[in-house]
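The values are calculated or read from the model by the stated rules, or taken from the named source; none is laboratory data. This one's a predicted model, so the numbers in the text were calculated from it and none came from an experiment. So basically every Cβ, Gly included, is an ideal-geometry build from the backbone, and we count neighbours across all protein chains shown.
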Amino acid sequence: MFQHRFSRRLLGALAATGLVAALAACATAEDPAAAPSPSSAAAAYPVTVGSVTLPAQPVKIVSLSPTATEMLFAIGAGGQVAAVDEQSTFPADAPKTNLSGYQPNAEAIAAKNPDLVVLSGDANNVVAQLTTLKIPVFVAPAAVTLDDSYAQINDLGKLTGHADQAAALAKQMKDDIAKLVKDLPQRSKPLTYYYELDPTLYSVTSKTFIGSLFTLAGLTNVADAADPKGSGYPQLTAESLIKSNPDLIFLADTKCCAQNADSVKARAGWAALTAVTKNQVIALDDDIASRWGPRVVDLVRAITQATTPIPAA
């Protein structure tokens, strides 16, 4: 799914879910460690969101989704999070464990005595297993649109007793993204870009969550033509990539695969690409580029900051 660092072995799972995706926004959230007072939270329960009903405010949450972990801390529910999965790398003080979101083990999860488990999918039929154990489970799948992200933040806010903080965070994200896009220079001819998931040239199309952010910024995706089957995650050939000669290259494989402007320039035939000759190869943080939580604002900011200095045609 789309919250791990992208790698070739994950692309099948990504395509199956239909997905691959801001620090400033996080900074506007409440203190991550601050849980609401029992008196203020108690009045809101029981709470039902979708198929999940909580009789009381959860105080031992297990998050097996890096994106959900970021959301929980950003809305001020960090003090209620008892354990997170091995991929939940942000924030740094999240209670990281060896629990897996990709291969979840119901017994290992139950051993944490959670009163709420948050997942991004139902691998290993874990939802039914946890339900049998009478453990409430909320599934927050990879977002398809920004509205999906906002909805998940609001749902987690309601479940955890932080509805107001969640609503404020979602609004701040919307406002920040709208301003970033509004401030872009107007162009008669859109800039083109290539977004790299790994060095074997897997990419994303405009139909994916990540691709939609670039569309917001007015960019044209060179990978769209390489995806006749509509998987959303085509593998480009070096020949086609060089022929398309993108104006910008965005690297979402800097952590996983140590890619950077120099390694791109060293590839056969790439030194003459417009993005390379004009120093328009942008290194992204793999984690920010593969999650759909509050730091998506950072990704939009990276996109807009990369395009703003380029003279309008």
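Would you confirm whether any residue within segment 43-56 is surrounded by 24 or more Cβ atoms within 10 Å (Cβ to Cβ) and touching a Phe, Trp or Tyr at 6+ places or on another chain (Cβ under 7 Å)? Write out each step before concluding.
Our first condition is that a residue be surrounded by 24 or more Cβ atoms within 10 Å (Cβ to Cβ); within segment 43-56, this holds for none.
No, segment 43-56 has no match at all.
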Practice task
Could you identify the single residue in Thr192, Thr220, Thr200 that is surrounded by fewer than 16 Cβ atoms within 10 Å (Cβ to Cβ), of a type in the set (Ser, Thr, Tyr) and more than 26 Å from Glu70 (Cβ to Cβ)?
Solution key: Thr200
Exercise for the section: Please identify the pairs in which a residue from segment 168-192 that is under 19 Å from Pro294 (Cα atoms) has its Cβ atom under 6 Å from the Cβ atom of a residue that is of a type in the set (A, V, I, L, M) and outside any helix (DSSP H, G or I), counting only partners at least 6 apart or on another chain. Expected result: Leu169/Ala29; Leu169/Ile75
Practice task
Hey, can you tell me all the residues within segment 260-306 that are crowded, with 21+ Cβ neighbours inside 10 Å, in contact with a strand residue (DSSP E or B) (Cβ under 8 Å, 6 or more places away or on another chain) and assigned to a loop (DSSP other than H, G, I, E, B)?
Solution key: Leu273, Gln280, Leu284
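For (1) modelled with pLDDT of 95 or more; (2) in contact with a strand residue (DSSP E or B) (Cβ under 9 Å, 6 or more places away or on another chain); (3) farther than 16 Å from Leu169 by Cβ, each residue gets a yes or a no:
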{"residue": "Pro36", "(1), (2), (3)": "no, no, no"}
{"residue": "Ser40", "(1), (2), (3)": "no, no, yes"}
{"residue": "Val49", "(1), (2), (3)": "yes, yes, yes"}
{"residue": "Gln57", "(1), (2), (3)": "yes, yes, yes"}
{"residue": "Gly78", "(1), (2), (3)": "yes, no, no"}
Handout entry: Complete set of residues in segment 219-264 that are within 25 Å of the chain's Cα centre (by Cα), of a type in the set (Gly, Ala, Ser) and under 18 Å from Ala289 (Cβ atoms)
Key = Ala223, Gly232, Ala252, Ala258, Ala261
Problem - Yes/no for Leu180 being in a helix (DSSP H, G or I) and not hydroxyl-bearing (Ser, Thr, Tyr) - result: yes
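Answer yes if at least one residue in segment 106-120 is over 30 Å from Ser206 (Cβ atoms), among the hydroxyl-bearing types (Ser, Thr, Tyr) and part of a loop (DSSP other than H, G, I, E, B), and no otherwise. Before you say what the answer is, go through the steps one by one.
So in segment 106-120, the residues over 30 Å from Ser206 (Cβ atoms) come out as 106-117.
With among the hydroxyl-bearing types (Ser, Thr, Tyr) added as a condition, the list becomes none.
Checking segment 106-120: not a single residue is over 30 Å from Ser206 (Cβ atoms), among the hydroxyl-bearing types (Ser, Thr, Tyr) and part of a loop (DSSP other than H, G, I, E, B).
Among Ala168, Ala142, which is under 21 Å from Leu213 (Cβ atoms) and either assigned by TED's automatic domain parsing to the domain that holds Val52 or not in a loop (DSSP other than H, G, I, E, B) (or both)?
Values: Ala168 fails: under 21 Å from Leu213 (Cβ atoms).
The match here is Ala142.
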